[in-house]
Structures are given as C-alpha cells and as structure tokens.
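Asks: Could you have a look at this structure, given as structure tokens, before my questions?
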Amino acid sequence: MNQVWHDFKSGIIAENPLLRLMIGLCSALAVSTRVEYGIFMGIAASFVLFSSNIIISAIRRWTADQIRIPIFITVIASFVTIVDLVMRAYFYPVYKVLGVWIPLIVVNCIILGRAEAFAYKHSIMRSAADGLGMGAGYTLVLLVMGFIRELSGTGKIILFGQTLVSLGAGFEPPSIMILFPGAFLTFGFLMALLNIVQSRGRS
Amino acid sequence: MRNIIRLGITLMMVCFIAAGSLAATYSLTKERIALQKMEEQFKAYMELLPGITSAKDFKERKDLYPKFKKEYKDLDKVFEGYVEGERVGFIAQKIPKGYKGPIKLAVGITVNGKASGIAVIEHSETPGLGAKIEEASFQKQFKGKSLSDPLEVGEDIDAISGATTSSKAVTNAVKEALELCEKIK
C-alpha cells in the first residue's frame with residue numbers, strides 16, 4: 001500500500017511530468033490560457049493516462065516486446081477517441097475551444113512515456129496509481145499556469161461563467177501573458193521556483 | 001514464422017477489442033453530438049432573425065430544394081422563421097467555395113427583402129486573412145443590404161485586405177441568397 005501511495009505522490013512533485021520530466025509540454029503551453037481549459041484538459045489527459053496505464057499493465061504478459069508500441073498506441077488512441085466523442089457530446093462549448101488538443105493527446109509524450117516506462121513493467125494497482133499521480137501533476141501545473149496567465153493577461157478569472165477574482169478596472173492587462181510568450185515566461189518562472197524550493201529543502 | 005503469426009494474432013485481438021469499444025461509444029454519443037451541432041446552428045439563426053427564441057420557430061422549406069438546388073448549386077438549406085405564427089424572415093444557408101475550402105454561411109433576410117445579418121457556421125480559410133470573414137467588422141457591412149444595392153466587393157463592400165477571394169465568395173453568396181428569397185417570398 002505504501003508503495004502505491006509513493007507511486008501516486010511521485011507524479012505530483014518529485015517526478016512531475018511537466019516541471020520535472022519536461023514531457024508533454026506542447027499542449028500544456030497551448031491550453032494554459034485559462035483555468036477552465038486547464039480543468040478540462042487535465043481531466044481528459046488524466047482519464048486517458050489512468051485507463052491506458054491500467055489496460056497496458058493488465059495485458060503486459062501477452063504483449064510481446066516486438067509489438068508493444070503498436071499495442072500501446074492502439075490502446076491510447078482508443079481512449080482518446082472515447083474522450084473526444086464524450087466531450088463533443090456533453091461539453092461542446094469547451095470542446096470547441098480545446099479543439100485539436102483533445103485528439104492530440106494521442107501523441108502526448110506523457111502517456112506513451114508512462115506506458116513504456118511504468119505500466120509495461122508494473123502491477124495494475126501501481127500503474128493505476130502512477131497514472132493518477134501523473135495526471136494530477138499535469139493538471140496541477142495547468143491550473144497554476146492558467147491562473148497566472150488568465151489573471152495577469154485578462155485581469156480576471158472566469159470559471160464556468162462566474163467571475164471568481166477580478167483585479168479591477170485600473171489594471172491594464174498585458175495581453176502578452178495570454179499569447180505564446182506568456183506561456184514560456186510563466187513556465188520558466190514556475191520551473192525556477194520549484195528548483196529553488198527543492199534546493200533549499202536539500203541543504 | 002510461428003512467431004509472426006502469434007504476434008499478428010495478438011495485434012489483431014487488441015485492434016478488434018479497441019474497434020468494438022469505439023463502436024459502442026460512437027453509437028452511444030452519436031445522437032447527442034448531432035443534437036449539439038443542430039443547437040449551435042439554430043443559435044446562430046436566432047441571432048440573425050431577432051424575436052425568434054426556439055428552434056421550433058424555424059420551418060425548413062424542403063419543398064424548394066428540387067427546383068432551387070439546380071439553380072443555385074451551393075444552396076444548402078432554406079428556413080422560414082415565425083414569431084407567434086407570423087412569418088418574420090428567412091434563413092438561407094449556402095456553401096460557396098472560399099479560398100481554401102467551402103464556407104458554410106447563413107444569411108438572415110427579413111420579409112421585406114433586406115439582409116438582417118450573416119453568420120459563418122463553418123469555414124477553413126487562412127487564419128489571419130480569410131478567417132476574418134468571422135469578424136463582426138466584416139459581417140456588419142451586409143446588414144440592411146437589399147437587391148437594390150450593388151453588393152459588389154470594392155463598391156459597397158470592403159474586402160478583407162489579402163483575402164479578396166473569401167470576401168467575394170461571401171458577398172456573392174449574400175447576393176444570391178437575397179435573389180432566392182425574392183423568388184419565394
């Protein structure tokens with residue numbers, strides 16, 4: 001049980017897919033313009049990670065080395081298509097904004113990476129925990145980045161139609177934070193911050 | 001050789017299960033997805049004909065299609081809009097060819113033959129150039145136009161700079177939509 005908890009936890013900080021392993025950055029930088037998009041993208045990617053980890057771990061005894069990659073991709077692509085269809089049916093307005101990034105979860109390095117590096121070698125329980133942990137770590141970074149970029153770039157945070165925080169009319173939001181440079185700036189500062197915190201912790 | 005067959009069968013099994021689960025999801029979500037698309041379309045229509053509040057107030061004139069689809073090749077759909085039983089206008093949806101691909105365009109026309117507005121439902125024009133047909137600054141030029149206006153790019157319609165083809169396609173479609181409604185009203 002301790003092991004499972006450890007697997008879950010390591011995905012959030014110690015092995016955070018975005019800030020530590022630095023994989024799957026492309027979609028993260030693109031959709032982190034708003035907190036709300038981060039929530040949906042995070043849930044979608046976490047669901048795919050969790051489900052594909054479980055299935056790949058469950059069939060690992062029958063998966064020969066030579067054909068593991070096509071099998072991984074088939075499993076992952078199936079779950080992504082399921083997410084794609086469900087989001088299109090039930091969350092259409094968000095789906096339209098996230099658009100191409102949902103089908104592109106297929107090629108997100110985090111998912112294939114965890115299938116190859118973890119789920120293929122570990123038990124179903126541990127793979128499920130790893131998937132959840134990695135998904136949580138990914139979602140967390142999306143939320144933090146979305147919060148910083150939405151608040152500084154538009155002056156307020158709107159979640160499900162409700163204005164949560166507003167900086168007031170006196171604040172002239174620099175739109176650069178919503179555009180691509182803002183994504184790189186925010187991400188760079190977050191990584192620096194995590195490095196500082198970790199090196200302090202060690203010494 | 002034996003090995004290849006074994007690997008092939010494993011792969012086939014995986015694909016078989018994957019295809020089955022996808023087919024199941026598809027058939028479960030199919031209707032909802034179609035409904036969502038319809039709703040979005042009618043939402044755009046409602047903005048074109050003010051006063052209409054429900055998709056039920058639009059009546060599709062399918063009877064016109066055999067005749068007019070021959071005359072206007074890019075005609076997609078024609079609706080009549082009603083408010084409390086009284087006809088207030090038409091929606092003519094056309095799919096003219098743009099620069100990169102078809103542009104799905106709905107034109108709202110009042111009963112007295114004036115364009116009440118246009119809405120771009122779908123398009124694949126170049127972002128930053130032709131894609132500006134989505135913008136209000138371009139679309140509002142058509143408001144209030146009727147067949148007595150020239151409706152020509154360069155005369156009463158300003159083209160989007162760098163996207164003359166897209167602008168012309170939209171302008172021409174609006175003109176044809178007005179002509180069509182003149183014939184059926």
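The values are calculated or read from the model by the stated rules, or taken from the named source; none is laboratory data. Computed from a predicted structure; not experimentally measured. Please note: Cβ atoms are built from the backbone with ideal geometry, for glycine as well, and neighbour counts cover all protein chains shown. Note: accessible area is taken over every heavy atom of the protein model, side chains too, but ligands, DNA and RNA are not part of it. Shrake-Rupley method; radii C 1.70, N 1.55, O 1.52, S 1.80 Å.
Asks: Please return the ranges of strands (runs of 3 or more DSSP E) entirely within the stretch B:49-126 where 3 or more residues are of a type in the set (Val, Ile, Thr) and more than 20 Å from B:Ser146 (Cα to Cα).
Replies: Details: elements: B:58-60, B:75-83, B:86-94, B:104-110, B:115-122.
In the stretch B:49-126, there are no strands (runs of 3 or more DSSP E) which contain 3 or more residues that are of a type in the set (Val, Ile, Thr) and more than 20 Å from B:Ser146 (Cα to Cα).
Asks: Could you look through the stretch A:85-96, keep only residues that are surrounded by 14 or more Cβ atoms within 10 Å (Cβ to Cβ) and under 24 Å from A:Gly161 (Cβ atoms), and pick out the one that is farthest from the other protein chains (Cβ to nearest Cβ)?
Replies: If we filter the stretch A:85-96 for residues that are surrounded by 14 or more Cβ atoms within 10 Å (Cβ to Cβ), which is where we start, we get A:85-89, A:91-92, A:94-95.
Checking which are under 24 Å from A:Gly161 (Cβ atoms) leaves us with A:86-89, A:91-92, A:94-95.
Numbers: A:Val86: 6, A:Met87: 9, A:Arg88: 5, A:Ala89: 4, A:Phe91: 9, A:Tyr92: 4, A:Val94: 12, A:Tyr95: 9 Å.
Only one residue fits best here, namely A:Val94.
Asks: A further question on this structure: Inside the stretch B:1-36, can you point out the residues that are farther than 30 Å from A:Ile59 by Cβ and either loosely packed, with under 13 Cβ neighbours inside 10 Å or in contact (Cβ under 8 Å) with a residue 40 or more places away in the chain (or both)?
Replies: Passing the criteria: B:Glu31, B:Ala34, B:Leu35.
Asks: Do you know which of the residues in the stretch B:81-130 that are free of Cβ contacts under 8 Å to residues at least 12 places away in the same chain and either charged (D, E, K, R) or surrounded by 19 or more Cβ atoms within 10 Å (Cβ to Cβ) (or both) is farthest from B:Leu64 (Cα to Cα)?
Replies: Looking at the filtered set, the residue picked out is B:Glu84.
Asks: Here are some residues: A:Ala128, A:Ala117, A:Ala169, A:Ala136. Which one is part of a loop (DSSP other than H, G, I, E, B), aliphatic (A, V, I, L, M) and more than 14 Å from every other protein chain (Cβ to nearest Cβ)? Let's see the steps before the verdict.
Replies: Working: A:Ala128 fails: part of a loop (DSSP other than H, G, I, E, B); A:Ala117 fails: part of a loop (DSSP other than H, G, I, E, B); A:Ala136 fails: part of a loop (DSSP other than H, G, I, E, B).
Selected residue: A:Ala169, the only one of A:Ala128, A:Ala117, A:Ala169, A:Ala136 that is part of a loop (DSSP other than H, G, I, E, B), aliphatic (A, V, I, L, M) and more than 14 Å from every other protein chain (Cβ to nearest Cβ).
Asks: Which of the numbered conditions does A:Gly42 fail, given that it passes all the others? Conditions: (1) away from chain B (no Cβ under 12 Å); (2) over 30 Å from A:Gly188 (Cβ atoms); (3) open to solvent by less than 20 Å² (accessible area, probe 1.4 Å); (4) of a type outside the set (A, V, I, L, M).
Replies: (2)
Asks: Among the residues of the stretch B:146-153, is there at least one that is farther than 24 Å from B:Glu71 by Cβ, of a type in the set (Gly, Ala, Ser) and open to solvent by 40 Å² or more (accessible area, probe 1.4 Å)?
Replies: Here is the first cut: in the stretch B:146-153, the ones farther than 24 Å from B:Glu71 by Cβ are none.
No, the stretch B:146-153 has no match at all.
Asks: Return the only residue of B:Glu60, B:Glu84 being over 23 Å from B:Ala169 (Cβ atoms) and touching a strand residue (DSSP E or B) at 6+ places or on another chain (Cβ under 8 Å).
Replies: Details: B:Glu84 fails: touching a strand residue (DSSP E or B) at 6+ places or on another chain (Cβ under 8 Å).
Residue meeting the stated conditions: B:Glu60.
Asks: Scan the stretch A:35-92 residue by residue and report those that are acidic (Asp, Glu) and within 14 Å of the chain's Cα centre (by Cα).
Replies: Our first condition is that a residue be acidic (Asp, Glu); within the stretch A:35-92, this holds for A:36, A:65, A:84.
Passing the criteria: only A:Glu36.
Asks: All but one of (1) away from every other protein chain (no Cβ under 12 Å); (2) surrounded by 21 or more Cβ atoms within 10 Å (Cβ to Cβ); (3) under 15 Å from B:Ala18 (Cβ atoms) hold for A:Ile55; state the number of the condition that does not hold.
Replies: For A:Ile55, the exception is condition (1).
Asks: Which of the residues belonging to the stretch A:133-173 are over 21 Å from A:Trp101 (Cβ atoms), of a type in the set (A, V, I, L, M, F, W, C) and open to solvent by 60 Å² or more (accessible area, probe 1.4 Å)?
Replies: A:Leu164, A:Leu167, A:Ala169, A:Phe171
Okay, residues lined up against (1) surrounded by 20 or more Cβ atoms within 10 Å (Cβ to Cβ); (2) within 9 Å of chain B (Cβ to nearest Cβ); (3) of a type outside the set (Lys, Arg):
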site: A:Ile71; (1), (2), (3): yes, yes, yes
site: A:Thr74; (1), (2), (3): no, yes, yes
site: A:Ile82; (1), (2), (3): yes, yes, yes
site: A:Pro103; (1), (2), (3): no, no, yes
site: A:Val106; (1), (2), (3): no, no, yes
site: A:Ile110; (1), (2), (3): yes, no, yes
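Quick grid of which residues meet (1) facing chain A (nearest Cβ under 9 Å); (2) closer than 19 Å to A:Tyr90 by Cβ:
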{"residue": "B:Met1", "(1), (2)": "no, no"}
{"residue": "B:Ile5", "(1), (2)": "no, no"}
{"residue": "B:Ala19", "(1), (2)": "yes, no"}
{"residue": "B:Lys30", "(1), (2)": "yes, yes"}
{"residue": "B:Lys37", "(1), (2)": "yes, yes"}
{"residue": "B:Phe42", "(1), (2)": "no, yes"}
